[in-house]
Amino acid sequence: MSGAIGRALHSERRRSLILFVLLLTCFGYTLPRWADPNQNSRLDMVFAIVDDGTFQIDRYVANTVDYARVGDHYYSDKAPGIAFLGVPIYAAVRPVLDLPIVHALEARLASNAAFRSTLRPEGSGVLEEKVRFAIVQVLLAFVLAAVPSALLGVGMYRWLAHVTPDARLRLAVVAGYGLLSPAFAYANALYGHQLAAALLFGAFLLAYAGKDGMRAGRLAAIGVLLAASVLTEYPAAIVAGIIGVYTLVMLIRHGHGRAIGWLVVGGAPLVAIWLAYNTVVFGAPWNLGYSYSTQWTAEHQVGFMSLTVPSAESIWGVTFSAFRGLFLLSPLLLLSVAGFVAWWRSGVLRAEWWLAGAAGLGMIWFNASSAMWWGGFAVGPRYLLPGLPFLALGLAFALQAWGSRPAFRWAAFCAGMWSLMATWGLTLAGQAFPSDALRAPLTEYALPNWIAGNLARNLGTLAGVPGAYSLLPLAAVVVGLVLAGWLRQSEESFKTSEPSGTAAPATIRPPAIEDRPVGLQGGRSR
């Protein structure tokens, strides 16, 4: 039995590693958009802090419209978390950017026909300062968006072992979330959505793994992750609050409700940094950059920081509309919604059902409550992304409950294929996310750009492969990883199969995320 358990754990680790590499390859292959005001606003802050020693982005403000104006100076109007994390990364690589290899890269890009074809004819071309800016953007997006998104996928795969031992089903759920939903579009972009989602899901994993007993250090770590998620993307506070309540309930069940203070201890330093930043830049601890934004000023004056109550238009808009509809873009997630019914009927993981349902529904409600619910240039309803991994968990229960039915399999296959074409079609089309002036982005933006061969810059483009052909290297790597995993799994299944006439081993319980301590430890009595 011990040998079988060891092989199962080894297989689980190997599949997790292959999954991480697969997701990271898909996420990192397409480069982040370069002329994106949202990303540039954060990048400007990174450059200003490291190069100029100030929060003022006056020198760089021309490349973005997403800024706050205070007096005669300009600042990023975004949540500062991702810029704070980007500062040490840029500071570390800054000396490298002055090496001759960077200048050689500039010359190579200038002579690359496939790359030049993606530039606007009326633009300034490839300039040294633009290359430097782009290199830093690619690096930060990869480290702060692609890597966390891939880790989120692995964490989801491992947690789903508590739902089903079927590795293929768990992989299908992760692929549905990471590659067939709007999460894919932002998994390698310097927005805050995916980093916040990864931080939140990490906090959930820690809380779940310790639900039978929390150490003080675990609670403090949860507090750090929850606070960091809010500093990265303010709307993440909705899901952070839900996870905080979930953690408190787990503590109260074991008679340790007062230990919730360790959660506060963990998050307090980050909150203090945020309040100090607001005071220095915007004059008071609770003043946000959006209050001083010069973009969408009318929308920011509606309700509380643009938040009111959902309207019929906004609810339809973020769910089924051709404009920003989540379920039109990724109908596979409709099966996930149905899966919550099967989840409830199963009678298992009830507390997690409430958490996941509240997180998904809460972010949809928030997105629909915004006066600017469409999110500007975007792929799908981007504001709800921090809650999307929790909504996707229902897909596992749908597949488990109805996956043996041919009609459901066909529905899932068709929904998955449409989700693939729609999500990748929009994400990879053109050199910017679809404009909010287009009411049907799939037919008005994605289709024309694909027909014209105008695809987002990617690693294939840098290698000189033009248009849709630039995706062939990605396809080859993905197929190779999938085949390697499948062949290895087949080999292990053959080796561990029992010869005829012998009793089959007892069912192996899916490996838990980690061992669970009993009671509160780490300086606290039980």
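The values are calculated or read from the model by the stated rules, or taken from the named source; none is laboratory data. Here the structure is a predicted model, which means the values were calculated and not measured. Neighbour counts run over all protein chains shown; Cβ positions are idealised from the backbone, glycine included.
Picking from residues in the stretch 448-476 that are of a type in the set (A, V, I, L, M) and surrounded by 15 or more Cβ atoms within 10 Å (Cβ to Cβ), the one that is farthest from Ala422 (Cα to Cα) is Leu462.
Does the stretch 318-340 hold any residues that are in a loop (DSSP other than H, G, I, E, B) and under 20 Å from the mean Cα position of the chain (by Cα), and which are they? Let's see the steps before the verdict.
Going through the stretch 318-340, the residues in a loop (DSSP other than H, G, I, E, B) turn out to be 320-325, 330-331.
Hits for the stretch 318-340 are Arg324, Gly325, Ser330, Pro331.
Under the condition of being at pLDDT 90 or above, among the aliphatic types (A, V, I, L, M) and surrounded by 15 or more Cβ atoms within 10 Å (Cβ to Cβ), the residues counted in the stretch 3-20 number 2. Go through the residues of the stretch 164-181 one by one and say whether even a single one is under 17 Å from Leu388 (Cα atoms), out of contact with any helix residue (DSSP H, G or I) (no Cβ under 7 Å at 6 or more places or on another chain) and either of a type outside the set (Asp, Glu) or assigned to a helix (DSSP H, G or I) (or both). Looking through the stretch 164-181, at least one residue is under 17 Å from Leu388 (Cα atoms), out of contact with any helix residue (DSSP H, G or I) (no Cβ under 7 Å at 6 or more places or on another chain) and either of a type outside the set (Asp, Glu) or assigned to a helix (DSSP H, G or I) (or both). Is one or more of the residues making up the stretch 71-93 surrounded by fewer than 14 Cβ atoms within 10 Å (Cβ to Cβ), over 29 Å from the mean Cα position of the chain (by Cα), in a helix (DSSP H, G or I) and not β-branched (Val, Ile, Thr)? Looking for residues that are surrounded by fewer than 14 Cβ atoms within 10 Å (Cβ to Cβ), over 29 Å from the mean Cα position of the chain (by Cα), in a helix (DSSP H, G or I) and not β-branched (Val, Ile, Thr), one finds none in the stretch 71-93, hence no.
Would you confirm, using the coordinates I've provided, whether Phe184 is touching a Cys at 6+ places or on another chain (Cβ under 8 Å), modelled with pLDDT of 95 or more and either surrounded by 24 or more Cβ atoms within 10 Å (Cβ to Cβ) or polar (S, T, N, Q) (or both)?
On the way: touching a Cys at 6+ places or on another chain (Cβ under 8 Å): yes; modelled with pLDDT of 95 or more: yes; either surrounded by 24 or more Cβ atoms within 10 Å (Cβ to Cβ) or polar (S, T, N, Q) (or both): yes.
Yes: the conditions hold for Phe184.
Given the structure, is Gly362 in a helix (DSSP H, G or I) and either under 18 Å from the mean Cα position of the chain (by Cα) or at pLDDT below 95 (or both)? So Gly362 passes the test.
Among the residues of the stretch 187-226, the one identified as within 29 Å of Thr25 (Cα to Cα) and modelled with pLDDT under 95 is Ala209.
Against the criterion of being over 18 Å from the mean Cα position of the chain (by Cα), surrounded by fewer than 23 Cβ atoms within 10 Å (Cβ to Cβ) and farther than 28 Å from Leu471 by Cα, Ile49 qualifies.
Being at pLDDT 95 or above, surrounded by 20 or more Cβ atoms within 10 Å (Cβ to Cβ) and aromatic (Phe, Trp, Tyr) is a property that holds for Tyr246.
Hey, among the residues in the stretch 52-65 that are buried (at least 17 other Cβ atoms within 10 Å of the Cβ) and within 25 Å of Leu270 (Cα to Cα), which one's farthest from the chain's Cα centre (by Cα)? It would help to see each step written out before you state the result.
Quick first cut of the stretch 52-65, residues buried (at least 17 other Cβ atoms within 10 Å of the Cβ) only: 55-57, 60-61, 63-64.
With the extra rule that they be within 25 Å of Leu270 (Cα to Cα), the set shrinks to 55-57.
Values: Phe55: 26, Gln56: 28, Ile57: 27 Å.
So, considering only residues that are buried (at least 17 other Cβ atoms within 10 Å of the Cβ) and within 25 Å of Leu270 (Cα to Cα), the one farthest from the chain's Cα centre (by Cα) is Gln56.
In the stretch 288-307, the count of residues that are farther than 16 Å from Gly202 by Cα, among the polar types (S, T, N, Q), at pLDDT 95 or above and exposed (fewer than 14 other Cβ atoms within 10 Å of the Cβ) is zero. Checked against (1) surrounded by 24 or more Cβ atoms within 10 Å (Cβ to Cβ); (2) part of a loop (DSSP other than H, G, I, E, B), Leu391 passes all but condition (2). In this structure, does Tyr234 turn out to be modelled with pLDDT of 95 or more and under 14 Å from the mean Cα position of the chain (by Cα)? For Tyr234, the condition - modelled with pLDDT of 95 or more and under 14 Å from the mean Cα position of the chain (by Cα) - is not met.
Please go through the stretch 249-269 and pick out each residue that is within 22 Å of Trp286 (Cα to Cα) and surrounded by fewer than 20 Cβ atoms within 10 Å (Cβ to Cβ). Spell out the reasoning first.
Applying the first criterion (within 22 Å of Trp286 (Cα to Cα)) to the stretch 249-269 yields 263-269.
Matches in the stretch 249-269: Val264, Val265, Ala268, Pro269.
Checking Phe377, Phe327 one by one, the residue that is without any contact (Cβ under 8 Å) to a residue 40 or more places away in the chain and touching a Ser or Thr at 6+ places or on another chain (Cβ under 6 Å) is Phe327 and no other. For the stretch 194-214, filtered to residues that are in contact with a Ser or Thr (Cβ under 9 Å, 6 or more places away or on another chain) and outside any helix (DSSP H, G or I), the residue that is surrounded by the most Cβ atoms within 10 Å (Cβ to Cβ) is Met214. Among the conditions (1) buried (at least 24 other Cβ atoms within 10 Å of the Cβ); (2) in a helix (DSSP H, G or I), the only one that Tyr191 does not satisfy is (2).
Condition check ((1) at pLDDT below 80; (2) of a type in the set (Gly, Ala, Ser); (3) closer than 22 Å to Tyr469 by Cα; (4) loosely packed, with under 12 Cβ neighbours inside 10 Å) across all residues:
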residue	(1), (2), (3), (4)
Leu105	yes, no, no, no
Arg108	yes, no, yes, no
Arg116	yes, no, yes, no
Gly123	yes, yes, no, yes
Lys130	yes, no, no, no
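Screening Ala68 against (1) surrounded by fewer than 23 Cβ atoms within 10 Å (Cβ to Cβ); (2) aliphatic (A, V, I, L, M); (3) in contact (Cβ under 8 Å) with a residue 60 or more places away in the chain leaves a single unmet condition, (1).
Please find, within the stretch 63-103, the residue that is modelled with the lowest pLDDT out of those that are closer than 16 Å to Ala134 by Cα and among the charged types (D, E, K, R). Checked the stretch 63-103; the qualifying residue modelled with the lowest pLDDT is Asp98. When the stretch 419-475 is examined, which residues are found to be polar (S, T, N, Q) and outside any helix (DSSP H, G or I)? The answer is Gln431, Ser435, Asn454, Asn458.
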